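All remarks here apply to the structure that follows.
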Amino acid sequence: MQHHRNVNYVFLGSHESAIKDIFESRKSPFYHFGMIQVLGKIPEKDFLEYLSVGLSSVTTEAEQLSERILSITQCHPYHTQKLAYMTWEICYKDSQSGQPELEAIEGLLRIHDTDYERWWNSQNKTDQKVITGMCLSDHPPLSEPFIREYDLGATSTAYSSLKRLMSQGIVIKQQKSYAIDDPVLIAWLRQRRNL
């Protein structure tokens, strides 16, 4: 690449922490190689229209099904694509399927069960508490009620946990709050961990 002239490169990725490691870590050969531009999620209206068109070939309820898919994925591009594809496959095989998006989630849970289990078992107790709280609590993870409810001791403990989880790509920062990035992981935690 260092020998190329008059060429622009675009690096894309859905794991913000990996992209930041490549371009913002002083140890990386790509440190400050270019500008980082966070695109954010695709607007729900646009995503709904796109999914509805694609699903209309396999179901008469394409718009309603698209809305249910987006309510699960919260418009995350990668996870929406994955869930929509599996849902399309289910509808294609059985157009009478009552809730194909839930069948698709079950399929994704089976596919990723071992990976999620291995990941969960590699987390320390504090990080498990923070993830559990993020799945169950209405309070932000750095709030006093959250810290008390999940016995985290101090705000600094919760913050350190969030930093570790962000570096793994599990948690993302959204404006002034934090969220679990993977909606399938949330479903796995609620089902397999009985949260």
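Some values worked out for this structure:
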item: Counting all C-alpha pairs of the stretch 123-192, share separated by more than 21 Å (%); result: 14 percent
item: Separation of the Thr155 and Asp46 label points, Cα + 7 Å toward Cβ, nm; result: 3.6 nm
item: Within the stretch 130-195, trypsin sites (Lys or Arg not before Pro) in DSSP loop having at most 12 other beta-carbon neighbours inside 10 Å; result: Lys176
item: Stokes-Einstein translational diffusion, the chain - Kirkwood Rh over all Cα pairs, 0.890 mPa s, 25 °C, in µm²/s; result: 130 µm²/s
item: Electrostatic dipole magnitude of the stretch 1-159 [Cβ: Lys, Arg +1; Asp, Glu -1; Cα centre; debye, to 20]; result: 820 debye
item: Relative contact order (%) - criterion: Cα under 8 Å, at least six apart; region: the chain; result: 17 percent
item: Full-extension gain in nm, Lys20 to Glu89, via 0.36 nm per residue minus C-alpha separation; result: 21.4 nm
item: Trypsin sites (Lys or Arg not before Pro) lying in DSSP loop within the stretch 16-122, provided at most 16 other Cβ fall within 10 Å; result: Arg26, Lys27, Lys41
item: Once exposed loop chymotrypsin sites (Phe, Trp or Tyr not before Pro) are cut out (DSSP; at most 16 other Cβ, 10 Å), longest piece of the chain; result: 34-195
item: Theoretical gain in end-to-end length, Ser56 to Arg148 [0.36 nm per residue, Cα-Cα removed]; result: 28.3 nm
item: Asp138/Asn6 FRET efficiency (R0 41 Å; Cβ-Cβ; nearest 0.05); result: 0.15
item: Extension gain, Val38 back to Gln74 (0.36 nm per residue minus Cα-Cα distance, nm); result: 11.3 nm
item: Of Lys20/Lys41; Lys20/Lys93; Lys20/Lys125, those spanning more than 29 Å from alpha-carbon to alpha-carbon; result: Lys20/Lys93
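Every number here is computed from the coordinates shown, using simple stated rules; none is lab data. As the structure is a computational prediction, the values presented were derived from the model and not from experiment. Ideal geometry is used to build each Cβ from the backbone, glycine not excepted, and the neighbour counts take in all protein chains shown.
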